[in-house]
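The values are calculated or read from the model by the stated rules, or taken from the named source; none is laboratory data. Quick caveat, the model's predicted, so the values are computed rather than measured. Cβ placement follows ideal geometry from the backbone for every residue including glycine, while neighbour counts extend to all protein chains displayed. For the accessible areas, the whole protein counts, side chains as well, though only heavy atoms, and no ligand, DNA or RNA atoms are used. Shrake-Rupley method; radii C 1.70, N 1.55, O 1.52, S 1.80 Å.
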Amino acid sequence: MSHWPDSRILDLFGIDLPILQAPMAGATGSAMAIAVSQAGGLGALPCAMLGAEQIRQELETFRQASNGPLNVNFFCHTPPADDPARIARWKEALRPYYEEVGADYEAPTPVSSRAPFDDNACALVEEYKPEVVSFHFGLPEPRLLARVKATGAKVISSATTVTEALWLEQHGCDAIIAMGYEAGGHRGMFLSDDLNSQVGTMALVPQIADAVRVPVIAAGGIGDGRGIAAAFMLGASAVQLGTAYLFCPEAKVSAMHRRALHTARESDTALTNLFTGRPARGIYNRIMRELGPVSDLAPAFPLAGGALMPIRAISEPESNSDFSNLWSGQALRLGIDRPAAELTRTLAEETLALIRR
């Protein structure tokens, strides 16, 4: 018999602990997923920045090390139309930074890409049959979603409003991640691009839990057992943590990102579209201060990052984070340096102690 007040996610995913590691593209990989899985939680492999062969290697590495369930995560955005004029305006806004660091402004602008879920990615899901497949920015087209569900995988996605949660349930999600405004990284919003529509975790979770029949996974601003216990009280069946896992040695964050996580104040994060073209929460830095964290000049996701690449190529090796995305949620001050498996078990122990009081 489960000690947890709601065991639906445990039963649905076949895990021992209702703790999901957020699939943070570029910051986590198989090492993190293995550690979380071995501790009894649900590890995740982010695939949006990986090619097919890289995905294959990560899946095989995980399967060799763990028999536990796995969450494989994909983006399902629609690639933007070509807009060279907007890209040129954005690059012109960055010209002073090119000149400052000595980057070649006249060189062709690199292309920043994030691969949306497609037939090739779907074929890998069909081959490896991960227990959970998660999506960000809604769901893929019905044809691809049907193929995913035919493998037996449980499908989850992020909702940032009750309307999005209802849409996800109607379109076949087995559980829904209620992504509060506090969460780090890219907002999962997909039915609206209005940031004023975004809701904090404490308000969002109970409203989604009341609106849908499927289990709800709380995300955003949760960094310790107190937050997890509160999420259960609000109606969640599990939690998903991202920023807390960035402090683990398994995280693939740069030294300057790790330093920022340790030194930033709780009020030092903001939503910004400068780095990719979509709102994402990260630690405030110089370019966000000088251009404003949200700019109409930034091209649509994921193209905004292209013009920043030459600047970052020079600044980052010098440990200069002025022009780099430093993704983080608002609960960063709760982060503690410890291995991912230990963190997962400790979070569960803290939560159960609070729930049993």
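List of remarks:
- Of the beta bridges in the chain, as assigned by DSSP with both residues counted there, near 20 percent are antiparallel.
- Solvent-accessible area of Asp16 with every protein chain in place, 1.4 Å probe, in Å² to the nearest 10: 120
- Stokes-Einstein D (µm²/s) once Rh is taken as the Kirkwood radius of segment 130-258 over alpha-carbon pairs, at 20 °C in 1.002 mPa s: 141
- GNM flexibility winner over the chain from Leu347, Leu42, Leu291 (Cα, springs under 10 Å): Leu291
- Assigned charges on the beta-carbon of Lys, Arg, Asp, Glu; the chain dipole about Cα centre (debye): 560
- Carbon and sulfur %, accessible surface of the chain computed with the full protein complex present, 1.4 Å: 51
- Note on Lys154: lysines with a C-alpha under 28 Å away, same-chain residues under 8 apart excluded, are Lys129, Lys252.
- Whole-Å distance, taken between Cα centres, linking segment 1-73 and segment 182-199: 24
- In the chain, helices alone account for a calculated mean residue ellipticity at 222 nm of -11500 deg cm²/dmol, with every DSSP H run of four or more residues adding -39,500 (n - 2.57).
- Packing-based order for 128-139, 279-290, 92-103, using average beta carbon neighbours within 10 Å, highest first: 128-139, 279-290, 92-103
- By the Stokes-Einstein formula, at 0.890 mPa s and 25 °C, segment 216-334 with its Kirkwood radius over alpha-carbon pairs has D equal to 160 µm²/s.
- Accessible surface, per residue, of the chain when the full set of protein chains is kept, probe 1.4 Å, Å²: 41
- Computed over the chain, relative contact order equals 20 percent, with contacts defined as Cα pairs under 8 Å that lie 6+ residues apart.
- Radius 15 Å from Cβ of Gly172, net charge of other residues (Lys, Arg +1; Asp, Glu -1): +1
- Each other residue within a Cβ distance under 15 Å of Ser267 adds +1 if Lys or Arg and -1 if Asp or Glu, for a net charge of +1.
- Each label point was placed 7 Å from the Cα along the Cα-to-Cβ direction; for Tyr105 and Arg333 their separation is 4.1 nm.
- Relative to the compact-globule estimate of 2.2 N^0.38 Å, the Cα radius of gyration of the chain comes out at 0.95.
- With a Förster radius of 51 Å applied to the beta-carbon distance between Glu127 and Arg286, the computed FRET efficiency rounds to 0.70.
- Taking Cα atoms only, the orientation of helix 340-355 departs from the longest principal axis of the chain by about 50 degrees.
- Sites Ala203 and Ala353, calculated FRET efficiency, Cβ-Cβ separation with R0 35 Å, nearest 0.05: 0.85
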